[in-house]
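To keep things clear, I will list the structure first and then write my remarks on it.
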Amino acid sequence: MLATTRLADLAPALATYLPALAQTLVVPPVLLVVLAATDLLSAGLVAVTLPLVPLFLALVGLATRDGTTGAARALDRLAAHVAELVRGLPVLVGLGRAADQVAALAELGEATRRRTLATLRLAFLSALVLELIATLSVALVAVTVGLRLVHGDLGLAVGLTALLLAPEAFAPLRALGTAHHAGEAATLAAAEARAVLAAPLPVPAGADDRDDPRGAEVAVRGLTVRHPGRTLPALPPTDLALRPGELVVLRGASGSGKSTLLAALTGTLDPAADVAGTVTGVPAGGVALVPQHPRTTAPTVADELRRHAAASPGVDAVVAEAFVVEALQRVGAEALAGRSCTTLSPGELQRVAVARALVRVRRGARLVLLDEPTAHLDGASAARVAAVLASLRGTVTVLLVTHDPALAAPADRTVTLPGSAVPASSPPRPPISAAPAPHGDETADLGAGGQAPTATATGLGWPRRALVRAVAAGTASAGAGVALTAVSGWLIVRAAEMPPILTLMVAIVGVRAFGLGRAALRWVERLAAHDAALRTAAELRVRVWRALAAQGVAADRTPGSALARVVGDVGLVQDLSVRVVPPAVVAATVPALTVAALALLSPAAGGAAAAVLAVTAALVLLVHRRVDAGAARTEATLRVSALRDVTTALDGAADLRAHGLAAATAADLADVAGRRSAVAATGARAGALGTGLVVLGTGLAAVVATAVGAATGLGGPEVAVLGLAPLALAEPLGGLVSALQRRGALADARARLGAVLTAPVPADPADPLPAPAAVRDLAVTGVTAGWPGGPDVLRGLTAQAAAGDGWLVVRGPSGAGKSTFLAVLLAALRPRAGRYALGGTDTARLTGEAVRARTAWLPQDAHVFASTIGANLALAAPRGALTGPDGEARMTAALAAAGLGPLLAGLPEGLDTPVGAGGTALSGGERRRLAAARALLADRDVVLLDEPTAHLDPPTAAALVRDLRAALAGRVVVCVTHDDALEQPGDTVVRLGTRTGALSAT
């Protein structure tokens, strides 16, 4: 979050706090000298009160420093929590726990709102204190000048000059107080950025200087890696030598450290890990990597490969395009070239990663590292990858991690890492569900969490009551400012006529009252506006989450896109609504009321002032359209795009760094930042021009009103009111300039959120039936299905499964519709034709939540949340159901059933052991088995397994399948797999075709 939203806090500080600080150092001393030359007593009063401002500013800063830090941390946690939820959405949908997160997200958002508002309440005190000091000081000057005028000790011209100069001495300090909170946020962000930059960077081991086109010898000597909180090392002491041109297979049991060794070779180990030993010979920028879970950073597959093909000098676009086409052809992925990377299945993503590695080899990579490149591939696709690897032998150095004997066949040699053996037979397990919750209770819990949402784009603005409260306070504050200026002018001019002192008492009290009222009402208005914005943002986050949960597996879950919507656009609505909604209303209301008041003194003068102000508003609008030209709107769009791009780059940092693309990616991000800065500069120029027009317009209105008023025979005090009141309109009309610039950006952010909220979701029946009490079978008959806006993927599919009759095993090449079939079984997709029955009940008469309440799904890429082992397992049940000794016993049993009993026994913190972001403290196989344990704990009638043995060595895979079959006996099980070993006698095997959607059942 530091690289995305937090560093954005620097911009307001640079734009407001630093200029105000510079003006504070220069303007007050200069004005004091001028004021002293004009009226020494007034200068003395200002000089006495002026030092109070920085004193109180420092005191308020000390009081708010810890609160500002805490609020920033709370916002970071909220954003990270939302991003983590979106990443793990398939898991939550598969476990039926997506609705549960609504209440948790709402509670977290409300807690963040309260903490942020408490901090703002104190932070805005700085502006309030400065406003009060400045107001009281100016009021003291005005009253003193008035009394001296009454006694004839001061001339009117000198008194008016002193009255006009005194507020200007405090203006920079008032601006500094207003920007103080931005300065604190920027200071915190800068400190954290310096801490990150000072941290040691993972540096890949350098290659030697021998000129061998196949690369240098890669040597690993005594390498040991241990993660925090683990007694056993993730990688025990390891020695390995890779000779140039050699193809070496790295094998070992799941959890033996194979992926950890690859991370050491690419310089992407967890910085918190304890590392010993040396790695040498890795060519800097000359590595091609195929990780277990590839990350993409470009919009389409072709763009992704182009990015990795054109990163070296001398590689022009034509050559890079040839590399891309050749690589896609070699892995049989030509049809994927135009596909969005966000729509790729795990198998398709693996093929793209292999093609990406081929592109890297064509542009000079000499070391190729592959981690289970065929784990999610069908036989034909795996054979293509095997042919690719065979062709690389002798040309580059290849280190291949695989459990596939066919893929390992061409290897020059095999290196086996030591690891704990998998028991031939599993020991007796305690029951996983010692006290399963009744199905009716579980359905009730889901209902309490929220029914399948019906998302709409309406209601993206503030609540009416909050809007009225903020606008009323803002109008009253601005009106008090106008009244303060007008009454002060009347007081000075009337005092110059030397009337009895009693005739001035009401005006004197009015000056004080309006001054105090303006400051206090401004504080109330800022708090009311920010409270409304924070409430709206919290509600929007929940609504967006409901919409994403309703979309289920069809939702765009890439971290960059998720943060762009849930954090970027929601944050824009929160920030911009404060700067658009109340200022626009105040800018229209206060001038109108002021003109009406002036018309009571002189209709002609009021009309003239109204005409000049109307022309000024028209000119401001014209400048906004011609000069600004949507600069603020474009800048806000680039801000969200930058958030998406930075998040995407950080998510794929391991792949980018391994391929030597970190500098090129940073340059791309800097280019976006440069364009954003240029656009922001254009907006700043337009804003300055608009503000200048407002100042000129209000000044001209004052001159015109004064001239007209004097011509109509009004007295001096009344003419003073006509001349000074329009000048006080510069502040509310200045808010109009800002509101005009930002209203387009606010509308765009709302539109993007509206697109998420109105995205198509599976329709629930108008009169749903209750979910069946128990499900013993499922059947699909003549089902045709496809994704929204796309062609049919399944056509005429018929299959059935029953509890106790063996598993329904679904086979087929990549793209045949296996994931689509699972989406239909989850009710994430509704059949376009045909019938899907669950327990004899047509699911067309059931809500999606009712279907998922009976179904547990283990996705291919089962996300492990950045928490503890126990917290990840607890997601399988309603909140609080897996707590206490009974809950811990059930979780321990599930881990044992999934083959993680030995791992748990070796963890000092047990279930409380952190697993790291994305489960990085666990191996790929351990993450897979943890996900399987989570699915077992869900205790559902129907269990959907999607490649349950991916990334597992054969003995571990066999043991896991054996344990799953024992634990799921009596359940309806549908298993999607490419692993022949999963099929057993009694299973029904469905083979999906790629072209016709036909299938055959055995």
- Task: Might you let me know whether segment 802-811 holds any residue that is without any contact (Cβ under 8 Å) to a residue 60 or more places away in the chain and over 30 Å from the mean Cα position of the chain (by Cα)?
- Result: no
- Within segment 387-404, is even one residue more than 21 Å from R366 (Cβ to Cβ), at pLDDT below 85 and not small (G, A, S)? yes
- Query: assigned to a loop (DSSP other than H, G, I, E, B) and buried (at least 21 other Cβ atoms within 10 Å of the Cβ) - does that describe any residue in segment 275-282?
  - Reply: yes
- Message: Can you tell me which of (1) surrounded by fewer than 20 Cβ atoms within 10 Å (Cβ to Cβ); (2) closer than 26 Å to T297 by Cα is the one R685 doesn't meet?
- Response: (2)
- Message: When the residues of segment 944-968 are narrowed to those that are aliphatic (A, V, I, L, M), outside any loop (DSSP other than H, G, I, E, B) and under 38 Å from the mean Cα position of the chain (by Cα), which ends up nearest to G96 (Cα to Cα)?
- Response: L944
- Task: For A893, work out the one condition from (1) of a type in the set (G, A, S); (2) modelled with pLDDT under 85; (3) surrounded by fewer than 24 Cβ atoms within 10 Å (Cβ to Cβ); (4) on the phi < 0 side of the Ramachandran plot it doesn't fulfil.
- Result: (2)
- Message: Suppose the filter is assigned to a helix (DSSP H, G or I), touching a residue at least 60 places away in the same chain (Cβ under 8 Å) and surrounded by fewer than 24 Cβ atoms within 10 Å (Cβ to Cβ); does R307 pass it?
- Response: yes
- Item | All positions within segment 338-361 that are of a type outside the set (S, T, N, Q) and surrounded by fewer than 18 Cβ atoms within 10 Å (Cβ to Cβ) | G338, R339
- Query: Would you say T485 is surrounded by fewer than 20 Cβ atoms within 10 Å (Cβ to Cβ) and either of a type in the set (S, T, N, Q) or more than 30 Å from R565 (Cα to Cα) (or both)?
  - Reply: no
- Please list, ordered by first then second residue, the pairs with beta carbon atoms under 7 Å, 6 or more apart or interchain, first in segment 689-712 and in the same structural domain as L736 (by TED's automatic domain parsing), second assigned to a helix (DSSP H, G or I) and of a type in the set (S, T, Y). L693/T616; V694/T616; G697/T616
- Message: Tell me yes or no: at least one residue of segment 488-497 is crowded, with 22+ Cβ neighbours inside 10 Å, closer than 20 Å to R121 by Cα and over 35 Å from the mean Cα position of the chain (by Cα).
- Response: no
- Query: So which residues in segment 70-119 are basic (K, R) and more than 14 Å from the chain's Cα centre (by Cα), if there are any at all?
  - Reply: R73, R97, R113, R114, R115
- Being among the small types (G, A, S), in contact with a His (Cβ under 7 Å, 6 or more places away or on another chain) and in contact (Cβ under 8 Å) with a residue 12 or more places away in the chain narrows G899, G906, G887, G925 down to just G925
- Exactly one of P732, P762, P768, P717 is of a type outside the set (S, T, Y) and closer than 30 Å to A564 by Cα, and that residue is P762
- Looking only at segment 525-555, count how many residues are of a type in the set (V, I, T) and touching a Ser or Thr at 6+ places or on another chain (Cβ under 8 Å). 2
- Task: Look at V102 and say whether it is buried (at least 18 other Cβ atoms within 10 Å of the Cβ), farther than 30 Å from A182 by Cα, touching a residue at least 40 places away in the same chain (Cβ under 8 Å) and not assigned by TED's automatic domain parsing to the domain that holds A881.
- Result: yes
- Of all the residues that make up segment 479-533, how many are among the acidic types (D, E) and either more than 21 Å from L128 (Cβ to Cβ) or not assigned by TED's automatic domain parsing to the domain that holds P591 (or both)? 1
- Note on the structure: Of the residues in segment 80-137 that are touching a helix residue (DSSP H, G or I) at 6+ places or on another chain (Cβ under 9 Å) and of a type in the set (D, E), the one that is nearest to A43 (Cα to Cα) is E131
- Message: Any residue at all in segment 556-577 that's over 18 Å from the mean Cα position of the chain (by Cα) and at pLDDT 85 or above?
- Response: yes
- Task: Look at A856 and say whether it is in contact with a helix residue (DSSP H, G or I) (Cβ under 7 Å, 6 or more places away or on another chain), touching a residue at least 60 places away in the same chain (Cβ under 8 Å) and not in a loop (DSSP other than H, G, I, E, B).
- Result: yes
- Item | Looking only at segment 833-863, and only at residues there that are of a type in the set (A, V, I, L, M) and more than 27 Å from A889 (Cβ to Cβ), the one that is surrounded by the fewest Cβ atoms within 10 Å (Cβ to Cβ) | A833
- Message: Suppose we keep only residues that are assigned to a loop (DSSP other than H, G, I, E, B) and modelled with pLDDT of 85 or more within segment 779-794. Which one would you say is farthest from D939 (Cα to Cα)?
- Response: P791
- Query: Within segment 242-261, can you find the residues that are touching a helix residue (DSSP H, G or I) at 6+ places or on another chain (Cβ under 9 Å) and in a helix (DSSP H, G or I)?
  - Reply: K258, S259
- Message: Filter segment 864-890 down to the residues that are buried (at least 22 other Cβ atoms within 10 Å of the Cβ) and farther than 21 Å from E107 by Cβ and list them by number.
- Response: V864, I869, L873, R890
- Which of (1) under 30 Å from A284 (Cα atoms); (2) in a helix (DSSP H, G or I) does V640 not meet, given it meets every other one? (1)
- Message: Test of understanding: among T956, T913, which residue is outside the structural domain of S254 (by TED's automatic domain parsing) and crowded, with 22+ Cβ neighbours inside 10 Å?
- Response: T956
- Given R742, R776, R811, which one is modelled with pLDDT of 85 or more, within 27 Å of A966 (Cβ to Cβ) and buried (at least 22 other Cβ atoms within 10 Å of the Cβ)? R811
- Using the structure shown, decide if G152 is of a type in the set (G, A, S) and either under 30 Å from T536 (Cα atoms) or part of a helix (DSSP H, G or I) (or both). no
- Select from segment 367-386 the residues that are surrounded by fewer than 24 Cβ atoms within 10 Å (Cβ to Cβ) and among the charged types (D, E, K, R) and write down the one among them that is modelled with the highest pLDDT. R384
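The values are calculated or read from the model by the stated rules, or taken from the named source; none is laboratory data. All of these numbers come straight from a predicted model, not from anything done at the bench. Virtual Cβ from ideal backbone geometry, glycine too; neighbours counted across all protein chains shown.
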